[in-house]
Amino acid sequence: MAYVLLIIATLIGLGISLFFLKKNVIRIREKNKNEPKAYKRGLNYVLTGLWYGYLIVFFVGLTINNTIF
């Protein structure tokens, strides 16, 4: 029973991460309309992708770990 709760918790964490990734990409798109420098516009997406990519990999790994063991 505990493993089922852990799997549900990790799937919820994965869903929340994906939700906020989508929300922040939309926010960055709006913010970049006023940014004149191209490298700053690109860097906003890269840093957001790295952060949420890390979170998504963490939750996927945690889900796989809980299903195997």
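Just so you know, all these numbers are worked out from the coordinates, no wet-lab data involved. These numbers were taken from a predicted model, which means no experiment stands behind them. Here the Cβ positions follow ideal geometry from the backbone for every residue, glycine too, while neighbour counts run over all protein chains shown.
For the range 21-49, a residue qualifies if it is exposed (fewer than 14 other Cβ atoms within 10 Å of the Cβ), hydrophobic (A, V, I, L, M, F, W, C) and either under 19 Å from the mean Cα position of the chain (by Cα) or not in a helix (DSSP H, G or I) (or both), and the qualifying residues are Ile26, Leu43, Val46, Leu47. Scanning the range 1-38 for residues that are in contact with a Leu (Cβ under 6 Å, 6 or more places away or on another chain) and not β-branched (Val, Ile, Thr) yields a total of 1.
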